[in-house]
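What follows is a single structure, written as structure tokens, with notes after it.
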Amino acid sequence: MSADRLPVRLNRAELHAVEVPDSFETTGSFDLELVNHGTSLHVHLHLDDALSEVAEIDAANHFIDGETRRIVRVRVDGDEELPVRGKLKVASAYGAQTRYVDVELSEPDFEEETVEVDESLADPPSGPEPEQGSSPVASPELVVLAFGILAVLAAGGVAILVDSTVVVAGAVVVLVGVLVAIYLLAGS
């Protein structure tokens, strides 16, 4: 997708004035930047036959409020038919002033990117062997200990808030389970 913009200045020099560059060249879809420097007006956009074979504008007629800016997308779909030359017509206030832009749509320059691969890619990487049972993030013992502490705190907090024998018994079961897990991990 191209980020090219074709500037169209409206009402800058005089009422209904249309200012556009004489020509515009791009390699794909582009934006018309309609900038109104004066009072509100209607703008009509039209692609000639050559351009309309490979490009389209969502809407041909636009009402542009005074002192505002509007972006109108021109989508180019026919890459296989490029390059194309044609004219874009911009008319203000129902034809009060009309200007034409020579537009050239050329083929995008695609640089073929290649990646060199040799036999060394099939060899396993050399370097120090990782230690058995170690993890780059955290050891399982630390993870169990952290979750165990969280579980005991949560169970104890609920037991204090609810003040129920069943909840207290559940908190004790959680505590015993965490202690057993720590004992088993410490022994391994």
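The values are calculated or read from the model by the stated rules, or taken from the named source; none is laboratory data. Since this is a predicted model, take the numbers as computed values, not measurements. Cβ: placed from backbone, ideal geometry, glycine included. Neighbour counts: every protein chain shown.
Leu15 satisfies every condition listed in (1) touching a strand residue (DSSP E or B) at 6+ places or on another chain (Cβ under 8 Å); (2) at pLDDT 95 or above except (1). Scanning segment 1-48 for residues that are among the hydroxyl-bearing types (Ser, Thr, Tyr) and closer than 28 Å to Glu80 by Cβ, we see that the one that is nearest to the chain's Cα centre (by Cα) is Ser2.
Restricting attention to segment 10-27, the residues that are crowded, with 16+ Cβ neighbours inside 10 Å, at negative phi and either of a type outside the set (A, V, I, L, M) or without any contact (Cβ under 8 Å) to a residue 24 or more places away in the chain (or both) add up to 4.
So that you can scan it fast, the table gives a plain yes or no per residue for (1) surrounded by 12 or more Cβ atoms within 10 Å (Cβ to Cβ); (2) assigned to a strand (DSSP E or B):
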site	(1), (2)
Ala50	yes, no
Gly66	yes, no
Arg70	yes, yes
Val74	yes, yes
Glu80	no, no
Gly86	yes, yes
Glu104	yes, yes
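Look at segment 161-188: where a residue is at positive phi, no partner that is loosely packed, with under 14 Cβ neighbours inside 10 Å and assigned to a helix (DSSP H, G or I) sits 6+ places away or on another chain with Cβ atoms under 7 Å. If you go through segment 141-187 and keep only what is among the small types (Gly, Ala, Ser), loosely packed, with under 12 Cβ neighbours inside 10 Å and either touching an Asp or Glu at 6+ places or on another chain (Cβ under 9 Å) or part of a helix (DSSP H, G or I) (or both), you end up with Ala146, Gly157, Ala169, Ala186, Gly187.
Filtering segment 52-63 to residues that are part of a strand (DSSP E or B) and either at positive phi or more than 28 Å from the chain's Cα centre (by Cα) (or both) leaves Asn61, Phe63.
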